[in-house]
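Down below is the structure, laid out as structure tokens.
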Amino acid sequence: MNIFLANPRGFCAGVKRAINIVTMALKIYGKPIYVNHEIVHNTYVIKHLESKGVIFNKNIDTIPKGAIFIFSAHGVSKHIEEKAKRRKLKIIDATCPLVKKVHREVSKASKLNFEAILIGTSKHPEINGTLGQYTNKNGNIYLIQSIEDISKLKIKNPNKIMLMTQTTLSYNKINPIIKKLYEKYPNIKKPKNSDICYATINRQKAVKNLLKLSDSIIIIGSKHSSNSNQLLRIAKETNKNSTLIDSHHEINTIYWINKVKSIGIAAGASTPNIIIQNVIKELRKTYKNNNIQEILGIQENIKFHIPKELNNKI
Ligand code: SF4
């Protein structure tokens with residue numbers, strides 16, 4: 001059995017930063033620490049932090065006044081931010097700086113009296129937060145998920161529209177939508193730099209490289225992780241033997257596992273290294289004569305700063 005490892009795989013800078021923020025907050029302030037949503041979409045990370053005293057997804061109205069309240073890496077709407085302030089919660093912002101970039105674009109559209117079109121997945125927390133940055137009462141922000149949604153848009157002025165996207169989508173998904181949007185609204189303004197983040201782009205490239213070498217692909221990530229699902233989508237477009245698993249416990253549920261000669265392993269941006277290592281260990285145990293090879297990929301050196309209020313206290 002040949003096993004190929006995608007490169008890069010697992011944690012991105014935004015996820016590392018968010019988890020560090022929660023861990024540092026626990027150290028400085030003690031438990032409980034409240035987080036508006038799962039800090040990142042990974043079951044292992046969430047269970048681990050819950051065991052240390054972190055409470056996720058609690059109704060903000062029931063969080064005790066003065067408690068530590070962390071915004072997850074996905075970001076929050078202005079409404080949640082204001083509500084947290086009104087309740088006098090001590091806010092620590094773990095929103096990924098690359099999600100913040102999209103927030104700033106929406107705020108700008110709102111201030112300049114532009115309407116906004118956001119390509120994303122409905123009900124995803126990042127999308128809820130981004131939609132909630134638009135505050136202009138005379139305009140609108142429209143969420144679209146497919147080409148079909150374009151016909152439902154009720155744009156007021158086709159010369160004053162800005163376009164944004166969720167950070168964890170794939171170009172395969174958004175490019176046909178953007179093409180159709182330009183056909184209908186040729187003057188739509190889009191950001192200079194793509195809203196799809198570097199980590200998403202690099203992991204998607206890594207999966208495409210894996211597809212050239214392996215006759216089957218395992219993506220490691222939680223079922224509700226957007227970027228892991230995009231990796232699965234890309235893998236499945238070329239190779240039907242592609243599966244998303246949350247941990248090594250699911251290996252024995254993969255129907256094709258005993259029929260293939262090579263497996264490519266990739267992991268979403270919220271998947272911890274320990275989970276990846278456990279999957280590799282399990283495959284090693286099952287296939288004794290395996291050959292493990294890390295494929296070449298992009299080196300990631302991006303680091304995001306921890307908020308001063310934490311750094312100064314450690
Ligand atoms: Fe930030 Fe991208 Fe990582 Fe999301 S996947 S936390 S946007 S770097």
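Within region 197-211, residues that are over 11 Å from Ala267 (Cα atoms) and among the basic types (Lys, Arg) have Cβ atoms under 8 Å from residues that are near the ligand (Cβ under 7 Å from one of its atoms) and open to solvent by 10 Å² or more (accessible area, probe 1.4 Å) in no pair, counting only partners at least 6 apart in sequence or on another chain. Within region 111-128, no residue that is of a type in the set (D, E, K, R) and surrounded by fewer than 23 Cβ atoms within 10 Å (Cβ to Cβ) sits with its Cβ atom under 6 Å from a residue that is modelled with pLDDT under 95 and not in a helix (DSSP H, G or I) at 6+ positions apart or across chains. Summed over region 190-224, the residues that are within 16 Å of the ligand (Cβ to nearest atom) and among the basic types (Lys, Arg) give a count of 2.
Per the listing His79, His74, the residue uniquely closer than 28 Å to Glu250 by Cβ and open to solvent by 10 Å² or more (accessible area, probe 1.4 Å) is His74. Among the candidates Leu283, Leu310, the residue that is aliphatic (A, V, I, L, M), over 24 Å from the mean Cα position of the chain (by Cα) and in a helix (DSSP H, G or I) is uniquely Leu283.
Remark: pairs (first residue in region 217-228, in a loop (DSSP other than H, G, I, E, B); second residue more than 10 Å from the ligand (Cβ to nearest atom) and open to solvent by 10 Å² or more (accessible area, probe 1.4 Å); Cβ separation under 7 Å; 6+ apart in sequence or on different chains) = Gly221/Leu244; Ser222/Thr43; Ser222/Asp246; Lys223/Leu244; Lys223/Asp246. Listed by first and then second residue, the pairs linking a residue in region 277-305 that is more than 17 Å from Ala6 (Cα to Cα) and touching a residue at least 60 places away in the same chain (Cβ under 8 Å) to a residue that is within 16 Å of the ligand (Cβ to nearest atom) and open to solvent by 80 Å² or more (accessible area, probe 1.4 Å), with Cβ atoms under 9 Å apart and 6 or more places separating them unless they lie on different chains, are Lys303/Lys16; Phe304/Lys16.
Per the conditions (1) within 16 Å of the ligand (Cβ to nearest atom); (2) in a loop (DSSP other than H, G, I, E, B); (3) closer than 13 Å to Glu115 by Cβ, the sole criterion not satisfied by Asn187 is (1).
The values are calculated or read from the model by the stated rules, or taken from the named source; none is laboratory data. Bear in mind the structure is a predicted one, so any value in this text is a computation, not a measurement. Here the Cβ is made from the backbone with ideal geometry for all residues, glycine too, and neighbour counts use every protein chain on show. These area figures cover heavy atoms from the full protein model, side chains too; ligands, DNA and RNA do not enter into them. Shrake-Rupley method; radii C 1.70, N 1.55, O 1.52, S 1.80 Å.
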